[in-house]
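Each remark here refers to the structure printed beneath this line.
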Amino acid sequence: MEADAKRLAAWRAHLQDEADASFLYGVLAGAEPNSTRKGVYERLAQVELRHVALWQKILRDYGIEAATPPPSLRARLQARVARWFGPSILLGMLLREEGLEVKGYLAMHREEGAPVVAQEAALRLAQESAQHAERLREISGGAGEPWHKIGSGGLLRNIVYGFNDGLTANFGLVAGMVASDNHGIVLLSGVAGMVANALSMGSSGYLAAKSEMEVYAHEIEMEKDEIALMPEVEQEELALIYEAKGIPGDRARQLAAEVMKDPERALQEKVREELGIGEAHSTPMKEAWITGTATAVGSLIPVAPFLLVTGPVAIWTSFTIAMLSHFGVGAVRSIFTGRGVFRSGIDMFIVGLGVAIVGYFIGDVVVRWLGGAG
C-alpha cells in the first residue's frame, strides 16, 4: 500500500501529538495530590499510549516502522510551565489540545480519498478525544463542549501577551530614539514609553474584563427571565442537556423537574450547563494589575541597559537582550498557538528585528529633518 508524502507527514504528526499527550498526562498525574484525579490522569496517559500504538500500526501497514517518539520540545516546555505555575495551567492546555484533536480527527474522517483504515481510526480517536475533553472539563469545573468553545485565556496568557506587547512596542521606541545619539533622550523616552505602555495595557485588560462581566450578567439576567416566563420550555431544555450527558431519558426528565422546583438552583444549572459560564476567576482590577505589570516588565528590557551603561555598549546590550527576549516570548506563545517552539520563536525574532530596523530608520529620518529645520 502507498500513501502520499503529505498524508504520511500528517500521520507522523498525530503520532507525535498522542505521544506528547501521554507524556503530559503523566506529568499531571505526578503533580496531582488528589488520588481520584491522579488515577484519571494515569488512565488517560495509558489511553494515549494506545493511540500511539494505533498510529504506529497504520504507518507499519504502509511500510514505515515508527518508534514511540520522545516528548517534543513544545511538550517539555508545557511540562516546565506546569511545574512553575501549577498543574491547573497544564490542565487547561490539555483541554484545549483535546478539543483541537476532536476537530482535526473529524476532518480527517471526512477527508475524501483517505484510506478507509485511517478514516475509521480518525473517527475512533475523535470519539475518545471528545470523552477525554469532557472528563477534563468536569475536573476543571468548566462547561460547554471544548471543541466548540476553546478558551485559552488565564493568568499565564495575560502575562505572556502583556510582556510581548510591552517588549515589542518599547523596543521600537528605543530603537528610534537611538538615532538621536543622545543617552538622556533614549533613557527618558524608554521610561516614558514603559509607563505609557503599562497604563495602556492595564486599562485595556480592565475594560476587557469588565465588558466580559457585563455580558455574562446580561446573559444570566435573560436566562432568569426565561425560567420565570416559560418554565416548561426551560425544563425540557435542561432534560435534553442531561440526556446528552448520558443520563437515561426518564431519569433526565425527572431530574430536570426536581431542579426546576427551585428557581435559583435552576438558574445555576442553566448558567453552567447551557451558557457555559463558570465562576469568575478574576476581576477587572486583577486583570489590570496582571496585564499592566507584565507589560511594564517587557517594556523595561530594552531600557534597562541604558540605566547601567552608556554609548555603544548600552545600545548593543539592549539589542541583544531584546532580540533574545523576542525569541523566548515567541517560544512561550507556542503553548497557546499550537505551533512549533523554534518556529514560533524565530517568527517573533524576525518581528523584533523588523521593529528595530523600522524604528531606527524613522528615528533617523526625524532627527535629520529636525536638524535641517534647525
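Matching residues to (1) surrounded by fewer than 16 Cβ atoms within 10 Å (Cβ to Cβ); (2) free of Cβ contacts under 8 Å to residues at least 12 places away in the same chain; (3) touching a strand residue (DSSP E or B) at 6+ places or on another chain (Cβ under 8 Å); (4) not acidic (D, E):
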position	(1), (2), (3), (4)
M201	no, no, no, yes
G205	no, no, no, yes
L229	yes, yes, no, yes
E232	yes, yes, no, no
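The residue pairs whose first member lies in the range 102-114 and is in a helix (DSSP H, G or I), whose second member is among the aromatic types (F, W, Y), and whose beta carbons are closer than 7 Å, counting only pairs six or more residues apart or on different chains, are V102/W147; K103/W147. Could you list, in sequence order, the residues of the range 113-123 that are of a type outside the set (S, T, N, Q) and more than 17 Å from A19 (Cα to Cα)? G113, A114, P115, V116, V117, A118, E120, L123, listed by residue number.
Based on what the data block shows, is S204 in a helix (DSSP H, G or I) and either at pLDDT 80 or above or farther than 30 Å from T295 by Cα (or both)? Reasoning before the result, please.
Values: in a helix (DSSP H, G or I): yes; either at pLDDT 80 or above or farther than 30 Å from T295 by Cα (or both): yes.
So S204 fits the description; yes.
Residues in the range 301-314 that are modelled with pLDDT of 90 or more and either β-branched (V, I, T) or under 25 Å from the mean Cα position of the chain (by Cα) (or both): I301, V303, V313.
Restricted to the range 80-101, and to residues there that are touching a residue at least 24 places away in the same chain (Cβ under 8 Å) and open to solvent by 60 Å² or more (accessible area, probe 1.4 Å), the residue that is nearest to K6 (Cα to Cα) is L100.
Evaluate the following for F306: is it farther than 25 Å from S203 by Cα, in contact (Cβ under 8 Å) with a residue 40 or more places away in the chain, among the aromatic types (F, W, Y) and buried (at least 22 other Cβ atoms within 10 Å of the Cβ)?
On the way: farther than 25 Å from S203 by Cα: yes; in contact (Cβ under 8 Å) with a residue 40 or more places away in the chain: yes; among the aromatic types (F, W, Y): yes; buried (at least 22 other Cβ atoms within 10 Å of the Cβ): yes.
Yes.
In the range 192-199, is there at least one residue being surrounded by fewer than 21 Cβ atoms within 10 Å (Cβ to Cβ) and β-branched (V, I, T)?
Let us first name the residues in the range 192-199 that are surrounded by fewer than 21 Cβ atoms within 10 Å (Cβ to Cβ), namely 192, 195-196, 199.
Subset that is β-branched (V, I, T): 195.
Yes, the conditions are met somewhere in the range 192-199.
Just name the residue that is most open to solvent (accessible area, probe 1.4 Å) out of those in the range 19-74 that are of a type in the set (D, E) and part of a helix (DSSP H, G or I). Spell out how you get there, then give the answer.
Quick first cut of the range 19-74, residues of a type in the set (D, E) only: 20, 32, 42, 48, 61, 65.
When the remaining residues are screened for being part of a helix (DSSP H, G or I), the result is 20, 42, 48, 61.
Working: D20: 19, E42: 90, E48: 0, D61: 63 Å².
Only one residue tops the list, namely E42.
Of the residues making up the range 75-96, those that are over 15 Å from D17 (Cα atoms), assigned to a helix (DSSP H, G or I) and among the small types (G, A, S) number 3. Every listed requirement among (1) in contact (Cβ under 8 Å) with a residue 24 or more places away in the chain; (2) within 18 Å of S129 (Cβ to Cβ); (3) not hydroxyl-bearing (S, T, Y) is met by R50 save one, (1). Contact map, the range 165-183: residues that are at pLDDT 85 or above and among the hydroxyl-bearing types (S, T, Y) paired with residues that are surrounded by 21 or more Cβ atoms within 10 Å (Cβ to Cβ) and assigned to a helix (DSSP H, G or I), Cβ distance under 6 Å, separation 6+ or inter-chain. Pairs shown: T168/V355.
The values are calculated or read from the model by the stated rules, or taken from the named source; none is laboratory data. Every value quoted in this text rests on a predicted model; they were computed, and no experiment measured them. Cβ: placed from backbone, ideal geometry, glycine included. Neighbour counts: every protein chain shown. Heads up: the accessible areas ignore ligands, DNA and RNA and are worked out on the full protein's heavy atoms, side chains in. Shrake-Rupley method; radii C 1.70, N 1.55, O 1.52, S 1.80 Å.
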